[in-house]
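One structure below.
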Ligand SMILES: *Cc1c(COP(=O)(O)O)cnc(C)c1O
């Protein structure tokens with residue numbers, strides 16, 4: 001299937017309540033252009049340098065999502081244009097995003113990444129760290145960031161019950177946060193689900209799926 005066909009097929013499966021992030025990491029600009037021509041406007045990348053190079057050459061109505069782990073010293077390169085940062089897992093990083101956003105007179109939308117997988121390799125906060133972060137005095141002073149939801153990745157396994165359980169856990173935390181509102185906290189996006197598990201994620205209440213290989217084909221890492 002072509003990129004366009006894959007994209008349109010997946011889009012036809014998503015209800016209106018679920019936003020598709022086309023994960024284009026490692027893929028050439030020509031592939032992104034094909035998806036753009038088919039109507040896609042939200043792209044996800046996991047390396048700031050690569051995302052910035054693509055942002056420079058692609059049409060300006062694209063929303064760029066940083067879905068990977070963010071190094072504090074690289075935030076400045078995306079602060080001018082990034083539309084949503086999915087992988088925020090510390091107050092330190094949030095403070096740096098706030099500082100860089102301020103320089104550009106913007107408010108940057110962020111998702112807090114939760115650790116839901118059994119694997120210890122995946123980044124993210126646990127529930128206690130999440131609570132500590134959002135109730136801290138420092139958090140409330142960060143006027144140039146807006147926490148709009150949560151992101152999580154399930155364990156990479158064929159065990160559907162485990163994946164389902166992990167997504168259900170994240171959804172529960174998400175729901176518990178929705179009642180807490182402050183000036184820079186308005187939890188409405190639940191980013192969960194990738195090519196292999198987005199249907200399970202949608203069953204568990206995902207509002208945003210991040211899909212790469214099912215649209216663009218498998219990635220070749222050199
Ligand atoms: C690469 C990546 C995806 C997309 O993965 P696919 O399996 O290719 O759909 C989604 N989320 C994150 C955080 C990723 O790094």
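Which of rounded, prolate, oblate describes segment 37-168, given a ≥ b ≥ c as roots of the alpha-carbon gyration tensor eigenvalues and a/c under 1.5 marking rounded, otherwise prolate only if a/b is larger than b/c? Oblate, since a/c reaches 1.5 and b/c is not below a/b.
Using just its DSSP H runs of length 4 or more, each adding -39500 (n - 2.57), the chain gives a mean residue ellipticity at 222 nm of -11500 deg cm²/dmol after division by all residues. Taking every pair of alpha-carbon atoms in the chain, give the share separated by more than 33 Å as a whole percent. The share of Cα pairs beyond 33 Å in the chain comes to 12 percent.
Put a dot 7 Å past the Cα of residue 1, heading toward its Cβ, do the same for residue 182, and the two dots end up 4.3 nm apart. In terms of its alpha-carbon gyration tensor, segment 127-171 comes out prolate; a/c meets the 1.5 threshold, and the first ratio a/b outweighs b/c. Each of 69, 115 was scored by other Cβ atoms within 10 Å of its Cβ. Arranged with the fewest first, they read 69, 115. Distance from the alpha carbon centroid of segment 161-222 to that of segment 93-135 works out to 15 angstrom. Here 75, 82 are placed in order of increasing Cβ neighbour count within 10 Å, fewest first, which gives 75, 82. FRET efficiency for the residue 195 to residue 71 pair, using the beta carbon distance and R₀ = 25 Å, is estimated at 0.45. With R₀ set to 25 Å, the beta-carbon distance separating residue 129 from residue 157 gives a calculated FRET efficiency near 0.55. Let me make sure I get this right: for segment 90-217, a, b and c are the square roots of the gyration tensor eigenvalues over alpha carbons, sorted descending. Under 1.5 in a/c it's rounded, otherwise prolate if a/b > b/c, else oblate. Which is it? Judged from the Cα gyration tensor, segment 90-217 comes out prolate (a/c at least 1.5, a/b above b/c). Beyond 11 Å, what share of the Cα-Cα pairs of segment 2-41 remains, rounded to the nearest whole percent? Result: 64 percent of Cα pairs exceed 11 Å. Computed over the chain, relative contact order equals 20 percent, with contacts defined as Cα pairs under 8 Å that lie 6+ residues apart. Residue order for 114, 58, fewest other beta carbons within 10 angstrom first, comes to 58, 114. Would you mind checking segment 88-129 for residues with the amide N under 13 Å from a putative spin-label position 7 Å along Cα→C-beta of residue 138? So the set is 89-99. Between residue 213 and residue 172, full extension at 0.36 nm per residue minus the direct alpha carbon distance yields a gain of 12.0 nm. Pairwise alpha-carbon distances in segment 157-210 exceed 12 Å for 63% of all pairs.
Where a number appears in this text, it was derived from the coordinates with a stated rule and is not lab data. For clarity, every value in this text was computed on a predicted model and none was experimentally measured. Positions of Cβ are backbone-derived with ideal geometry, glycine not excepted, and every protein chain shown enters the neighbour counts.
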